[in-house]
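The values are calculated or read from the model by the stated rules, or taken from the named source; none is laboratory data. It should be emphasised that the depicted structure is a prediction, and the values quoted were computed from it without experimental measurement. Glycine gets a Cβ as well: all are built from the backbone with ideal geometry, and neighbour counts include every protein chain shown. The area values use the complete protein model at the heavy-atom level, side chains included, leaving out ligands, DNA and RNA. Shrake-Rupley method; radii C 1.70, N 1.55, O 1.52, S 1.80 Å.
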Amino acid sequence: MLWTKAQEFASEIAEMVGTLPRDRVTDVLGNQLLRSATSIGANIAEGYGRYSQAAYRNHLSIARGSAVETESWLDLLQRRRYITD
(Lines give C-alpha, C1' and ligand atoms only; values in the text may rest on other atoms or scores of the structure.)
Protein backbone atom coordinates (compact mmCIF):
# COMPACT_ATOMS: atom_id res chain seq x y z
CA MET A 1 0.00 0.00 0.00
CA LEU A 2 1.33 3.43 -0.96
CA TRP A 3 0.41 5.04 2.37
CA THR A 4 2.35 2.37 4.29
CA LYS A 5 5.46 2.97 2.19
CA ALA A 6 5.12 6.72 2.70
CA GLN A 7 4.87 6.23 6.47
CA GLU A 8 7.92 3.95 6.51
CA PHE A 9 9.84 6.53 4.46
CA ALA A 10 8.84 9.33 6.86
CA SER A 11 9.99 7.21 9.78
CA GLU A 12 13.38 6.64 8.13
CA ILE A 13 13.72 10.36 7.46
CA ALA A 14 12.85 11.16 11.09
CA GLU A 15 15.53 8.75 12.26
CA MET A 16 18.10 10.25 9.88
CA VAL A 17 17.24 13.83 10.89
CA GLY A 18 17.84 12.82 14.50
CA THR A 19 21.43 11.89 13.62
CA LEU A 20 22.31 15.22 11.98
CA PRO A 21 24.76 17.44 13.84
CA ARG A 22 23.01 20.22 15.73
CA ASP A 23 23.70 23.62 14.22
CA ARG A 24 21.68 26.45 12.77
CA VAL A 25 21.79 25.14 9.19
CA THR A 26 20.93 21.52 9.90
CA ASP A 27 18.18 22.52 12.30
CA VAL A 28 16.44 24.45 9.52
CA LEU A 29 17.13 21.90 6.78
CA GLY A 30 16.19 18.97 8.99
CA ASN A 31 12.94 20.61 10.02
CA GLN A 32 11.96 21.34 6.43
CA LEU A 33 12.93 17.82 5.36
CA LEU A 34 10.87 16.27 8.14
CA ARG A 35 7.86 18.45 7.32
CA SER A 36 7.90 17.56 3.63
CA ALA A 37 8.54 13.84 4.22
CA THR A 38 5.70 13.50 6.72
CA SER A 39 3.40 15.47 4.43
CA ILE A 40 3.52 12.71 1.80
CA GLY A 41 1.66 10.10 3.83
CA ALA A 42 -0.58 12.67 5.46
CA ASN A 43 -1.85 13.89 2.09
CA ILE A 44 -2.39 10.36 0.82
CA ALA A 45 -4.46 9.61 3.92
CA GLU A 46 -6.41 12.86 3.74
CA GLY A 47 -7.22 12.33 0.08
CA TYR A 48 -8.37 8.79 0.75
CA GLY A 49 -10.77 10.14 3.36
CA ARG A 50 -12.40 12.56 0.92
CA TYR A 51 -15.69 11.75 -0.76
CA SER A 52 -14.75 12.33 -4.39
CA GLN A 53 -12.16 10.89 -6.74
CA ALA A 54 -11.23 14.42 -7.82
CA ALA A 55 -10.36 15.39 -4.23
CA TYR A 56 -8.37 12.16 -3.85
CA ARG A 57 -6.42 12.87 -7.03
CA ASN A 58 -5.76 16.42 -5.86
CA HIS A 59 -4.28 15.19 -2.58
CA LEU A 60 -2.17 12.61 -4.43
CA SER A 61 -0.83 15.49 -6.52
CA ILE A 62 0.04 17.40 -3.33
CA ALA A 63 1.72 14.27 -1.94
CA ARG A 64 3.79 14.00 -5.11
CA GLY A 65 4.83 17.63 -4.73
CA SER A 66 5.92 16.92 -1.16
CA ALA A 67 7.94 13.93 -2.39
CA VAL A 68 9.79 16.12 -4.90
CA GLU A 69 10.34 18.75 -2.22
CA THR A 70 11.78 16.05 0.03
CA GLU A 71 14.21 15.07 -2.72
CA SER A 72 15.30 18.69 -2.96
CA TRP A 73 16.04 18.92 0.80
CA LEU A 74 17.96 15.64 0.65
CA ASP A 75 19.97 16.98 -2.30
CA LEU A 76 20.84 20.13 -0.37
CA LEU A 77 21.94 18.12 2.69
CA GLN A 78 24.10 16.00 0.40
CA ARG A 79 25.62 19.07 -1.29
CA ARG A 80 26.46 20.44 2.16
CA ARG A 81 28.06 17.05 2.95
CA TYR A 82 25.79 16.33 5.90
CA ILE A 83 24.65 13.06 4.27
CA THR A 84 25.93 10.73 1.54
CA ASP A 85 24.17 8.76 -1.18
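Quick look at the numbers
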{"quantity": "Net charge, Asn58 excluded, C-beta distance under 15 Å - Lys, Arg +1, Asp, Glu -1", "calculated": "+2"}
{"quantity": "Heavy-atom accessible area per residue - the chain, 1.4 Å, Å²", "calculated": "71 Å²"}
{"quantity": "Extended-chain gain in nm, criterion 0.36 nm per residue less alpha-carbon gap, Ser61 and Met1", "calculated": "19.9 nm"}
{"quantity": "Chymotrypsin sites (Phe, Trp or Tyr not before Pro) within the stretch 31-85, DSSP loop, no more than 13 other Cβ atoms inside 10 Å", "calculated": "Tyr51"}
{"quantity": "Accessible-area composition of the chain, carbon plus sulfur, in percent [1.4 Å probe]", "calculated": "52 percent"}
{"quantity": "Shape category assigned to the chain from the gyration tensor of Cα positions, a/c cut at 1.5", "calculated": "prolate"}
{"quantity": "Helix 2-19 axis, angle to the chain major axis (alpha carbon atoms, nearest 10°)", "calculated": "20 degrees"}
{"quantity": "Filtered GluC sites (Glu not before Pro), the stretch 1-72: DSSP coil and at most 13 other beta carbons within 10 Å", "calculated": "none"}
{"quantity": "Loop-exposed trypsin sites (Lys or Arg not before Pro) per DSSP, neighbour cap 11 Cβ within 10 angstrom, longest uninterrupted part of the chain", "calculated": "23-79"}
{"quantity": "Simple label model, 7 Å out from Cα along Cβ direction - Glu71 to Glu15, nm", "calculated": "2.3 nm"}
